[in-house]
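Just so you know, all these numbers are worked out from the coordinates, no wet-lab data involved. Remember, it's a predicted structure, so these values are computed and weren't measured experimentally. Using ideal geometry, Cβ is built from the backbone for each residue, glycine included, and neighbour counts are taken over all protein chains shown.
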Amino acid sequence: MKTADKEQAVKSLYGDAANRAAGLCCPQSYKKDLTAHIPEEALERNYGCGSPLLKAGVKENEVIVDLGSGVGIDSFVAAKMVGPKGKVIGVDMTDDMLEQANQFKQRVSDNIGFDVVEFRKGYIEDLPIEDNSVDLVISNCVLNLSDSKEKVLKEIHRVLKPGGRMIISDIVVDREVEPEDKENEQLWAECYTGAIPVGELVNTYQEAGFLALTQIDESAWKELNGYTFGSLTICAYKLPVTKERNYGGHIAVYMGPYASVADEDGNQFKRFDATEVCDETAIKLRLSPYDESFQVMDIPELARADNSCGSGGCGTSAESTAESGQREAPCCNPQDKAAPCCDNNEPKADGSPCCDPMAIEQSGDCGCTAEQLAVPEKKQPEASSGCCDSSSSCGTGSSCGTATVAAATTESATDECCPCDTEAKSTGGECCDTGCGECGCQ
């Protein structure tokens, strides 16, 4: 059966169902308080298989798109949730459904006191919606009716804002539907033979670029011709995805409850462990739904130009990377902002030695020994003798830094380079001049 034939079968069946109540699919009703503003005649034409808005976390002022909106039930529920400054766009390809939806729309807007719903004719494989303009896309028992599910999901991804989400309630089947069964126009239009197994559905979501897939609800429907059909509601997000790994200095801590977790990029996170992550992962973990399970902290001292990753991605721990034989992440002590280890063999700014992140077989955190991680004690400022005469010339070999003047007080002592004629150096009897070479300091 050609795609055009399937499309026509769906249009014919749902065109009739728009004008009279029909027992299609396995509708699940919203609570009365969410539908009190919707005409009863509309509620009688509920042909969905879930309640995608119940756990969508809808916020006021959001923009929501309802795919295969039918007579508008989910769109009208969403309108009450987003309020007078929000926006709901219903998309449907069936003229009779659009006509009924627009008739009910006027009564709904009168009941709630505002009009934020718009119905557009279109196909879910080619949405009449602008790029990156939508907070939430919902669909209730519609995806299975499309013969191009991959294209539908890519369209959803296109219209969602970064960080946006989709919640789809749809029919799934326990095994692959045989080709000959897919040829039955009636069973296709009635939401049976266009269904796909859960595993294939999840793969399709991920291939379209969606992350953080979460099952919201499921229920059994019926058995037919040797197949078992059920309803499944899944939430998924449009989040940053890139193959580049730029490290601007971020650590992430997984807060539990599991002992460890892995994300879709292969990053491994142990509970309560501080794990260095790349910029893109840091952004992702600060977005819903990850933000409920992770704390992300910025530590500029960890920033580096190295874009390489261990085998498990930018969040792979040093221990697991070492075991796999891959290069470790740069050496650092995330708990000590004052003296993080550097990412080469050079000494740290305070003169203490640093570990080599290229060396896998080292002890301590990130390959650093305890001594290397230790922060040297700073000397307390002391009163110093003398500073150079303001009348002396400044420069190598001159009297600057050697002339004896009145001893400086403790209050004037400083660790920094000091002007030649005003302050004393804290650690010796000679004074530096900010204009002389390396500040004139020995």
Inset, instruction - List the GluC sites (Glu not before Pro) within the range 35-136 that fall in a DSSP loop (any state other than H, G, I, E or B) and whose Cβ has at most 13 other Cβ atoms within 10 Å. - result: Glu44, Glu60, Glu130
Inset, instruction - Take each of the peptides 269-276, 254-261, 140-147, average the number of other beta-carbon atoms within 10 Å over its residues, and list them starting from the highest. - result: 140-147, 269-276, 254-261
Legend entry - Cross-link pairs Lys32/Lys222; Lys151/Lys238; Lys80/Lys238; Lys32/Lys105; Lys2/Lys161 - those with Cα-Cα distance over 22 Å: Lys32/Lys222; Lys80/Lys238; Lys2/Lys161
Inset, instruction - Give a quick list of trypsin sites (Lys or Arg not before Pro) in the range 15-119 that DSSP marks as loop, anything other than H, G, I, E or B, with at most 11 other Cβ atoms within 10 Å. - result: Arg20, Lys31, Lys85
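Take peptides 160-167, 212-219, 67-74, 277-284 and line them up by average Cβ neighbours within 10 Å, highest first, as a rough protection proxy.
Numbers: 160-167: 20.8, 212-219: 14.5, 67-74: 27.9, 277-284: 23.0.
Put in order of decreasing packing, that is 67-74, 277-284, 160-167, 212-219.
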Legend entry - the range 218-269 - percent relative contact order, Cα under 8 Å, separation 6 or more: 19
Inset, instruction - First select every other residue whose beta carbon is under 12 angstrom from the beta carbon of Trp221; then total the charges, Lys and Arg +1, Asp and Glu -1. - result: -4
Legend entry - Span from the the range 42-86 Cα centroid across to the the range 254-283 one, whole angstrom: 34
Legend entry - Contact order relative to length of the range 101-213, as percent, for alpha carbon pairs under 8 angstrom and 6 or more apart: 25
